[in-house]
1. Please determine, by comparing only the residues of the range 29-70 that are small (Gly, Ala, Ser) and surrounded by 14 or more Cβ atoms within 10 Å (Cβ to Cβ), which one is modelled with the highest pLDDT.
2. Within the range 116-158, can you find the residues that are outside any helix (DSSP H, G or I), touching a residue at least 40 places away in the same chain (Cβ under 8 Å) and of a type in the set (Gly, Ala, Ser)?
3. Between a residue in the range 407-429 that is closer than 14 Å to Val374 by Cβ and any residue that is among the hydroxyl-bearing types (Ser, Thr, Tyr), which pairs come within a Cβ distance under 6 Å, given they are 6 or more apart or on different chains?
4. Which of the residues that make up the range 71-110 are among the charged types (D, E, K, R) and either surrounded by 15 or more Cβ atoms within 10 Å (Cβ to Cβ) or in a loop (DSSP other than H, G, I, E, B) (or both)?
5. Tell me the residue from Ile4, Ile34 that is among the β-branched types (Val, Ile, Thr) and touching a His at 6+ places or on another chain (Cβ under 8 Å), please.
6. Just to be sure I understand, how many residues within the range 275-328 are within 27 Å of the chain's Cα centre (by Cα) and of a type in the set (Asp, Glu)?
7. Being over 23 Å from Lys346 (Cα atoms) and among the basic types (Lys, Arg) is the filter here, so list the residues in the range 397-426 that pass it.
8. Among the listed residues Asp116, Asp105, Asp161, Asp96, identify the single one that is under 14 Å from Gly20 (Cα atoms) and either more than 19 Å from the chain's Cα centre (by Cα) or assigned by TED's automatic domain parsing to the domain that holds Ala234 (or both).
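The values are calculated or read from the model by the stated rules, or taken from the named source; none is laboratory data. What you see is a predicted model, and the numbers here were worked out from it, not measured in a lab. Positions of Cβ are backbone-derived with ideal geometry, glycine not excepted, and every protein chain shown enters the neighbour counts.
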Amino acid sequence: MKHIRNQIEEAGGRVFRFGGAVRDAALDREPRNIDFLVADLDAEKLEEILGSHGTVRDTGLDVPAFAFRRKGAAEEQATFTPARGASIEEDLGRSDFTINAMAVDLKTGERIDPFDGASDLHGRWLRAVTDTVFEDSPIRLIRTSQIAVRLKFQVDRGTADLMYSSAKLARNLEPDEIWPEIVKLLTLGERPSFGFNIWRATGVLGILLKPLADCDVSLGKKRIPNVLDHMLVALDSTPSTKLRVRLAALLHDLGKPGTYQEAEDEEESFIGHPGLGAKLAGKLLKRLGAPKDLAKDVKHLIRNHMFNDAFDLSDSAVRRLLDRVGPDMIGDLFDMRFGDRIASGKPRLAMGKLGSLRTRIERMLAGEPDKPSVKDLAVNGKDLMEALDIEPGPEVGRILRELFERVLFDPDLNKKSKLLKLAREINKS
């Protein structure tokens, strides 16, 4: 970019790195993209200079901005935005948050920070630059959550109040604006539930994702009776970062409020909720503009998420499950159900029953014997008695069964040294 910068400066312009690039550098993060602000040079001249070095594309935003790709490069490397204000500070005042309203003069190295974004970076706060930040660009109502999740920042109280008072503006957003932000929220952060809870607290969720907001009710006597809370914990708990798995975990119980039945002497029931949930999820994803194939996969996972995972399933029952779900989807279904089990307060079932069934299916697909047992462990009762100095009896069997459950969940543990170390920990518990 040095040649481009030199040519811009020779034409009388000044180049500033700004926005996310400055923020990410301060956070020691690899910038997702590099934004440059160009002052004292009109848009036509800037486009001409960029065009002499590569391919230029107008980003199509209200503000003129050019995405640049160097000759021979496969992807766009940067965005150049002509300054519009009488000063750089005025242009930075059009940013969304203070942490994005900083710039660095590439010629002098001077940092320009008119809204004290550095302090908010240090405190890990998302703070709006102006009171009209969401009125100026309603997509920021959506973007706030994904930025907060991705950076692990909190939304300050004043900004949350602004979101609440501006939430109705989310109705004006188009699917092609909303969907990319939801994808980022679900796939780029460790705890996406945090972003959905920001929308929940500010009223955005009910406008943007009403079927999900309708699940903000408590039903029955579960560990997490609130259906929305349960789905958000399932979302965070799934071990997969695949979009279809995370969407399915987020939406898997949409059908529960509509199928809830309470019985006097029995546990509450939700008969038919997977089918209704798949239908509701399909409608929601269509409205959000999700790709059809993705929506189809998500519905398939939701429809099948209540499969029987008993230890004593017959071989034919396991094969029917595999045939119904498909070899390409079965792993994703287990990842989704794992999150569901954790959210239901059943981690041992997630590691035990699910792990056992998953191993059976993996062996079946590999053409191996499909019923793992304690005999497959790299240690036996004699090994445990010698290592732990214990007598034959029920305690040996208990430790072996516990080791077996751990190995079902994590097959890499099935090494003698690792198992004996685990056995010592189990023996002390």
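1. Here the answer is Ala39.
2. Scanning the range 116-158 gives a single hit, Ser137.
3. As it stands, the answer is Leu408/Ser356; Leu408/Thr359, since those pairs meet every condition given.
4. Let us first name the residues in the range 71-110 that are among the charged types (D, E, K, R), namely 71, 75-76, 84, 89-91, 94, 96, 105, 107, 110.
Hits for the range 71-110 are Lys71, Glu75, Glu76, Arg84, Asp91, Arg94, Asp96, Asp105, Lys107, Glu110.
5. Ile4
6. The total comes to 4.
7. Lys415, Lys416, Lys418, Lys421, Arg424 - these are the residues of the range 397-426 that are over 23 Å from Lys346 (Cα atoms) and among the basic types (Lys, Arg).
8. Asp96
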